[in-house]
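Right, one structure below, let's go through it.
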Amino acid sequence: MKFETIEEVDAPQDFTFARFTDFIRYENLARNYGADLRRVGGFAEVSEGATWRGSIPIKGRTRGVEAVVSRYSPCDYTRIDTDVGGMKVVFEMRFEALPGEKTKLVAVTELQAKTLAARLIIQSAKLARKRVQAKITSKIVALANEYEDAWRREKG
């Protein structure tokens, strides 16, 4: 199952990439939602191969999680492969510079079940596809708005 969001961000490509790939910030946000994550190897900066392991609550149960930054091309592209609760989740972000200090962001999330329980979760997501897509899109739009404001403040 695949979800795709395309958003135009009113900030330059390098700035937009840096903000949307601030995985350390997302790591801290995940902790606020009950996730227990550890950096494998204790890295300080995210690059290709950066890995997190731990657990996260999903649908009332704690499930193991492992996330790996499998591709990281600064300013252009990043891909995170995650295994969680019998499901493989691939999240990709592509960044394209547009005229006038703007950036086109294409975010794609793909879910693949590896267990029966994961199949049931994906089936539920399929039934609520429009609602799930709307939640993903609204989160990306909210982040884009936040980063546009940060760009305007930084720019002066």
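The values are calculated or read from the model by the stated rules, or taken from the named source; none is laboratory data. None of the values given here were measured: they were computed from a predicted structure. Heads up, the Cβs are rebuilt from the backbone with ideal geometry, glycines too, and the neighbour counts pull from every protein chain shown. Note: areas computed on protein heavy atoms with side chains; ligands, DNA, RNA excluded. Shrake-Rupley method; radii C 1.70, N 1.55, O 1.52, S 1.80 Å.
Considering Ile6, Ile56, which residue is modelled with pLDDT under 95 and of a type outside the set (Ser, Thr, Tyr)? Residue meeting the stated conditions: Ile56.
In the set (1) under 28 Å from Lys130 (Cβ atoms); (2) in contact with a Gly (Cβ under 7 Å, 6 or more places away or on another chain); (3) open to solvent by 60 Å² or more (accessible area, probe 1.4 Å), the condition left unmet by Arg38 is number (1).
Here is a yes/no grid of residues against (1) assigned to a helix (DSSP H, G or I); (2) touching a residue at least 40 places away in the same chain (Cβ under 8 Å); (3) within 14 Å of Lys2 (Cα to Cα):
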{"site": "Thr78", "(1), (2), (3)": "no, yes, no"}
{"site": "Asp83", "(1), (2), (3)": "no, no, no"}
{"site": "Val89", "(1), (2), (3)": "no, no, yes"}
{"site": "Glu96", "(1), (2), (3)": "no, yes, no"}
{"site": "Gly100", "(1), (2), (3)": "no, no, no"}
{"site": "Val108", "(1), (2), (3)": "no, yes, yes"}
{"site": "Ala118", "(1), (2), (3)": "yes, no, no"}
{"site": "Ile122", "(1), (2), (3)": "yes, yes, yes"}
{"site": "Lys126", "(1), (2), (3)": "yes, yes, yes"}
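Is there a residue in the stretch 128-146 that is surrounded by 13 or more Cβ atoms within 10 Å (Cβ to Cβ), over 20 Å from Thr5 (Cα atoms) and of a type in the set (Val, Ile, Thr)? Taking every residue of the stretch 128-146 in turn, none turns out to be surrounded by 13 or more Cβ atoms within 10 Å (Cβ to Cβ), over 20 Å from Thr5 (Cα atoms) and of a type in the set (Val, Ile, Thr). A Cβ distance below 9 Å, combined with a sequence gap of six or more or placement on separate chains, defines the contacts here; from the stretch 18-36, residues that are assigned to a loop (DSSP other than H, G, I, E, B) reach residues that are exposed (fewer than 14 other Cβ atoms within 10 Å of the Cβ) in the pairs Thr21/Pro74; Tyr33/Pro57; Gly34/Pro57; Ala35/Leu29; Ala35/Pro57.
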